[in-house]
Amino acid sequence: MRIYQTDQLSNMGAAESLYVYNGLDTMVTLEVLEALLPQLTPVTQPIYDFSRALQGPVLEMNMRGVLVDEERRKETLAECRQAISRLTGNLNRIIREGIGFDFTISPNRKYMWPSDDQLKSIFYDVMCLPEVKKRNGNGELVRTVDHDALEKLNEYFWAEPVVQHIVALRDLSKKVSFLQTAVDPDGYLRTSFNIAGTTTGRFASSFSDFGTGTNLQNVENKLRAILIAPKGKKFCNIDLEQSDARAVGAIHWQLFRDSRYLDACESSDLHTTVARDGFPALKWTGDLKNDRDIANSKFVREWSYRDAAKRLGHGTNYQGQVDKMSRATHIPAHDVRAFQQSYLKRYPAFPLWWEWVERQIRDVHYITTMLGRRRYFFGHWRDPDTIRQAIAYEPQSITADTINRGLLSVWRANIGELLLQVHDSILFQFDEAREEDVVPRAVELIQQMVTLKEGRRFTIPAAAKVGWDWSDYHPVNNPDPDALRGYHASSRPSSRTRTPA
């Protein structure tokens with residue numbers, strides 16, 4: 001065997017350099033492992049072992065990919081381009097005739113909207129709107145038209161048409177980019193999952209190891225329809241239900257033995273329960289079924305009380321600020337403030353939890369979740385952003401580790417072929433004839449029970465949908481008969497309508 005002195009290498013041929021590269025790759029990895037193992041503790045060892053165990057199913061998902069319906073992909077791409085053309089024409093006319101700004105989008109432009117400099121001129125110089133500023137990389141306070149700025153500018157009715165067109169065009173541009181993603185020669189779209197891609201334990205994903213594919217964890221519902229099951233196979237998508245909220249309730253119990261929020265989560269309708277707690281002035285009956293009708297009545301703009309409770313409750317859980325929540329939901333600030341006051345009075349463990357997190361960051365600089373994952377926080381304990389990140393960490397991490405534990409169990413049970421993990425859900429395919437055996441078993445494997453203090457049992461429930469493409473069925477917005485529907489849905493079709501080539 002030839003021995004290479006790696007500090008004295010020069011003038012190597014192509015083949016020889018590959019030998020050295022692969023040798024270094026192997027030996028340096030071994031050196032890292034030998035340095036790492038002695039540092040593992042009773043806290044970090046289980047998470048390290050769990051992460052290593054996930055390499056098997058993750059490698060399979062990376063290699064398998066998801067089949068693309070090429071015909072549907074072309075149809076959807078054509079629809080998006082038509083919409084871009086229509087919106088571009090409208091925007092040109094609004095800017096030229098409505099605002100008086102000399103601008104026409106060139107057909108050769110990469111992006112079908114004005115540049116940032118042109119938008120700054122339109123909003124701040126021509127329309128004379130109050131300038132929204134932020135600090136650039138040099139620490140200078142400069143005017144901006146980023147996403148947050150557009151949200152603020154959208155509040156001015158004479159700017160709203162321009163803002164809405166810009167937002168819609170940017171969204172369509174992202175769709176086109178996804179639909180044009182390079183597919184492998186076998187017709188499959190692949191991604192590359194990174195087990196250690198985030199601090200919470202959630203997977204990150206990007207293009208495949210071969211430079212094709214893309215991140216498949218943030219694909220909107222309509223675009224998911226181009227991803228289909230092969231002939232003879234069917235999809236099953238299993239979602240954790242209200243996982244972050246239930247994790248918050250479990251944390252309240254673990255820290256303070258306060259069961260009120262966890263009890264609300266485990267009621268048959270969390271969002272109606274929260275609506276009753278956040279809007280106490282309404283004439284609630286005390287019967288959850290009847291109260292749901294009240295919660296579904298109109299509150300403000302397009303929101304029902306139940307819609308508002310869902311979003312305001314989630315934001316408040318993570319110490320959401322009134323002004324930011326108001327901008328995000330378009331609910332008046334005084335209504336958001338009133339909701340928070342009633343909500344926190346009903347669930348007083350929230351301020352106690354936030355104070356506990358602040359003390360943890362001040363005293364030990366880390367949070368260890370109830371499932372054993374520890375994260376260190378290096379920001380100052382008086383920095384509000386650091387504290388909000390620390391508050392969100394444990395619930396999000398519990399969700400990530402719960403779905404990944406389930407993913408590993410499904411893989412070990414060998415009841416289907418894993419395809420994707422998307423934050424709080426997994427997608428796999430199985431033989432159509434085995435549906436009644438596979439789906440209930442998979443749900444059982446995902447729903448893993450944890451014993452909390454004083455013996456209270458805690459389970460994040462999971463719900464299964466089945467179909468032949470990855471989009472979710474909706475009778476109006478997506479009446480695709482092959483889309484995913486609830487496993488027990490009575491309207492599920494018995495066979496697929498679009499057979500893959």
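The values are calculated or read from the model by the stated rules, or taken from the named source; none is laboratory data. As the structure is a prediction and not an experimental result, all values here were calculated from the model. Neighbour counts run over all protein chains shown; Cβ positions are idealised from the backbone, glycine included.
Kindly indicate the residue of the range 216-275 that is acidic (Asp, Glu) and over 22 Å from Ala464 (Cβ atoms) and also surrounded by the most Cβ atoms within 10 Å (Cβ to Cβ) among those meeting that condition. Steps first, please.
Here is the first cut: in the range 216-275, the ones acidic (Asp, Glu) are 220, 239, 241, 244, 258, 263, 266, 269.
From the residues that got through so far, the ones that are over 22 Å from Ala464 (Cβ atoms) too are 258, 263.
Details: Asp258: 19, Asp263: 12.
Here the answer is Asp258.
Here are some residues: Thr497, Thr459. Which one is in contact with a strand residue (DSSP E or B) (Cβ under 9 Å, 6 or more places away or on another chain), more than 24 Å from Ser205 (Cβ to Cβ) and among the hydroxyl-bearing types (Ser, Thr, Tyr)? Step through it out loud before you land on a result.
Values: Thr497 fails: in contact with a strand residue (DSSP E or B) (Cβ under 9 Å, 6 or more places away or on another chain).
Every option except Thr459 fails the conditions.
Residues in the range 224-248 that are within 29 Å of Leu270 (Cβ to Cβ) and aliphatic (A, V, I, L, M): 5 in all. Against the conditions (1) on the phi < 0 side of the Ramachandran plot; (2) at pLDDT 95 or above; (3) not basic (Lys, Arg), Pro475 satisfies every one except (2). Residues that are part of a loop (DSSP other than H, G, I, E, B) and either out of contact with any Ser or Thr (no Cβ under 9 Å at 6 or more places or on another chain) or crowded, with 16+ Cβ neighbours inside 10 Å (or both) within the range 132-150 comprise Val132, Gly137, Asn138, Gly139, Glu140, Thr144, Val145, Asp146, listed in sequence order. Of the residues contained in the range 437-455, none is found to be buried (at least 19 other Cβ atoms within 10 Å of the Cβ), assigned to a strand (DSSP E or B), of a type outside the set (Val, Ile, Thr) and in contact (Cβ under 8 Å) with a residue 12 or more places away in the chain. Of the residues making up the range 151-186, those that are touching a residue at least 60 places away in the same chain (Cβ under 8 Å), surrounded by 15 or more Cβ atoms within 10 Å (Cβ to Cβ) and closer than 16 Å to Thr214 by Cα are Ser173, Lys175, Val176, Leu179, Val183. With respect to being modelled with pLDDT under 95 and surrounded by 15 or more Cβ atoms within 10 Å (Cβ to Cβ), Val357 falls outside the description. Taking every residue in the range 188-201 that is at positive phi and not assigned by TED's automatic domain parsing to the domain that holds Leu427 and pairing it with any residue that is part of a loop (DSSP other than H, G, I, E, B) and of a type in the set (Val, Ile, Thr), at least 6 positions away or on another chain, the pairs with Cβ-Cβ distances below 9 Å are Gly201/Ile195; Gly201/Thr369.
Those strands (runs of 3 or more DSSP E) of the range 187-248 in which 2 or more residues are in contact with a strand residue (DSSP E or B) (Cβ under 6 Å, 6 or more places away or on another chain) and among the hydroxyl-bearing types (Ser, Thr, Tyr) occupy 204-206.
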